[in-house]
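Shown next, in structure tokens, is the structure this report addresses.
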Amino acid sequence: MAEELPQDFSAFAGERALGEHAPFDTVALERWLIAHVGGFAGPLTVTQFNGGQSNPTYRLSTPGAAYVLRTKPAPAAKLLPSAHAIEREYRVMDALAGTDVPVARMRGLCEDESVIGLAFYVMDFVPGRVFWDPSLPGMTAAERSAIYDEMNRVISALHRVDYRAVGLESYGKPGDYIARQIARWSKQYRASETETIDAMDQLIAWLPAHLPADVPERTTIVHGDFRLDNLIFHPTEPRVLAVLDWELSTLGDPLADFSYHCMAWHVSPGVFRGIAGLDWQALGIPDESTYVTRYGERTGIKPPAQWHFYLAYNMFRIAAILQGIMKRVVDGTAASQQALDAGKRARPMAELAWAYALRAQRSTAPAPGHADRH
């Protein structure tokens, strides 16, 4: 396996002051909030969350309320087409309000860059817990088990939502989801290459030639990045209050979405917030087979025999996303150590993806939960 990279979750948690040179016009932002957010009353204080590398995220505090601001990382002219789609985040969360999928209340979307210098949206701040480390240190086995089951419940609920009933019939293009995603991320990767990664070249050729056969065509809302640290949990209960970071959401294959979520069982903590190699039983974390079975019971969707293909596809996708971050580092639109560390993970993730592609080529995958661990 590729060399592991250190994982310091303290880099993601917490907030920091904007400093003297704010990345947007805070005075203009306050004027917009007064005009567009009912009940808003300043004065406004802005701090930046350390997480949210793709789309910068800020807490907006006033004496009587708190909100969250999400912006694009740069003006649209400096970004890849279709990347950093905060307007899609806003649309899907607004549509899911009132369903079994918990989301924050949306307050307003502004795509006019002349207002503060960047496109942005505002939602209510949801107080609660965000768990950056999927091993959940400091919890009992029973608490970890409950947290993982709640994650399973929420992604199952998402894949059961009737997208037509919530007005999202035009949110994506049903059919050929994985093939289109492979093409999209291949293109995005090529546009953000900063060095040659042989494994990515291999995957770009191999994946479209080995699409799974005989898998029923399903279309649901897919989150695209459903993992533990994109969930806000109740302060004391194992209950999700809000699902965050919908930038990659669309209409697509629920198995592609769920297998991405299950990728954690196959990658080590040093590569991409995984849990492979940990003593799941001692920790109270279900093995992958148990977790997949519970999802199937809740949704009626069974995992395909080509599970390794799905894992390779998702690892490829993440490698392309990480390479996009590295491109922004090189271009100067992302300057933090956190961004540089994320970009460096593109190569090891691509190499792991290629290893899973070779396994998929040799044979169908064993039942989830019994695959080799890394």
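The values are calculated or read from the model by the stated rules, or taken from the named source; none is laboratory data. Please read these numbers as outputs of a predicted model, since none were measured by experiment. Glycine also receives a Cβ, built like all others from the backbone with ideal geometry; neighbour counts cover every protein chain displayed.
With respect to D225, determine if the residue is without any contact (Cβ under 8 Å) to a residue 40 or more places away in the chain, within 24 Å of K327 (Cα to Cα) and touching a Ser or Thr at 6+ places or on another chain (Cβ under 9 Å).
Values: without any contact (Cβ under 8 Å) to a residue 40 or more places away in the chain: yes; within 24 Å of K327 (Cα to Cα): yes; touching a Ser or Thr at 6+ places or on another chain (Cβ under 9 Å): yes.
When the stated conditions are applied, D225 passes them.
Name the one entry in G284, G274 that is within 20 Å of F131 (Cα to Cα), small (G, A, S) and surrounded by fewer than 20 Cβ atoms within 10 Å (Cβ to Cβ).
Being within 20 Å of F131 (Cα to Cα), small (G, A, S) and surrounded by fewer than 20 Cβ atoms within 10 Å (Cβ to Cβ) holds for just one of G284, G274, which is G284.
Being among the polar types (S, T, N, Q), touching a Ser or Thr at 6+ places or on another chain (Cβ under 9 Å), at pLDDT 85 or above and outside any strand (DSSP E or B), is that true of even one residue in the range 40-58?
Of all residues in the range 40-58, those among the polar types (S, T, N, Q) come to 45, 47-48, 50, 53-55, 57.
Okay, now just the ones that are also touching a Ser or Thr at 6+ places or on another chain (Cβ under 9 Å), so 45, 47-48, 50, 53, 55, 57.
From what is left, the residues that are at pLDDT 85 or above are 45, 47-48, 57.
Add one more test, that the residue is outside any strand (DSSP E or B), and what stays is none.
The answer is no, given that none of the residues of the range 40-58 is among the polar types (S, T, N, Q), touching a Ser or Thr at 6+ places or on another chain (Cβ under 9 Å), at pLDDT 85 or above and outside any strand (DSSP E or B).
Residue by residue, here is whether (1) part of a helix (DSSP H, G or I); (2) within 20 Å of the chain's Cα centre (by Cα); (3) aliphatic (A, V, I, L, M); (4) modelled with pLDDT under 95 holds:
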residue	(1), (2), (3), (4)
L118	no, no, yes, yes
E143	yes, no, no, no
A146	yes, no, yes, no
M151	yes, yes, yes, no
H159	yes, yes, no, no
Y163	no, yes, no, no
S170	no, no, no, no
I178	yes, yes, yes, no
S186	yes, yes, no, no
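Applying the selection to the range 323-346, what residues are at pLDDT 85 or above, surrounded by fewer than 22 Cβ atoms within 10 Å (Cβ to Cβ) and under 21 Å from the mean Cα position of the chain (by Cα)?
K327, V329, A339, L340, D341, K344
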